[in-house]
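Read the structure below first, then the notes.
Readers should treat all values here as calculations from the given coordinates under stated rules, not as data from a laboratory. Worth saying up front: this structure is predicted, and the values here are computed from it rather than measured.
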């Protein structure tokens with residue numbers, strides 16, 4: 001089922017709804033999946049965060065899965081307070 005989440009994230013990136021992260025002009029990446037763990041990567045604008053939230057919500061509704069908030073984190077790097 002998590003493969004479906006990965007496919008939907010890739011489709012969003014191809015549709016330019018997500019940019020993903022790119023370092024030194026490399027191919028951008030949007031996520032990494034490890035068994036039942038997912039790491040999502042994106043640019044700081046609110047629109048990108050909303051798109052990721054929508055994709056996660058769709059996945060959770062389709063799969064019946066839940067996010068364990070005690071084990072989940074959101075981290076921001078090199079982001080100004082005004083972004």
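Can you tell me the 0 to 90 degree angle between the C-alpha axis of helix 46-63 and the longest principal axis of the chain, rounded to 10?
Between the helix axis and the principal axis of the chain, the angle is about 10 degrees.
Among 69, 16, 53, whose mean-square fluctuation peaks in a Gaussian network model of the chain (Cα, cutoff 10 Å)?
Greatest mean-square fluctuation among the candidates belongs to 69.
Angle, helix 2-14 long axis vs. longest principal axis of the chain, Cα atoms, 0 to 90°, nearest 10?
30 degrees
Alpha carbon centre of the stretch 53-69 versus the stretch 4-28: separation in Å?
Distance between centres, Cα-based: 19 Å.
Give the Kirkwood hydrodynamic radius (Å, one decimal) of the stretch 2-63, defined as one over the mean of 1/r across all pairs of different Cα atoms.
For the stretch 2-63, the Kirkwood estimate is 11.9 Å.
Which value in deg cm²/dmol, rounded to the nearest 500, describes the helix-derived mean residue ellipticity at 222 nm for the chain, given -39,500 (n - 2.57) per DSSP H run of n ≥ 4 and division by the residue count?
-12500 deg cm²/dmol
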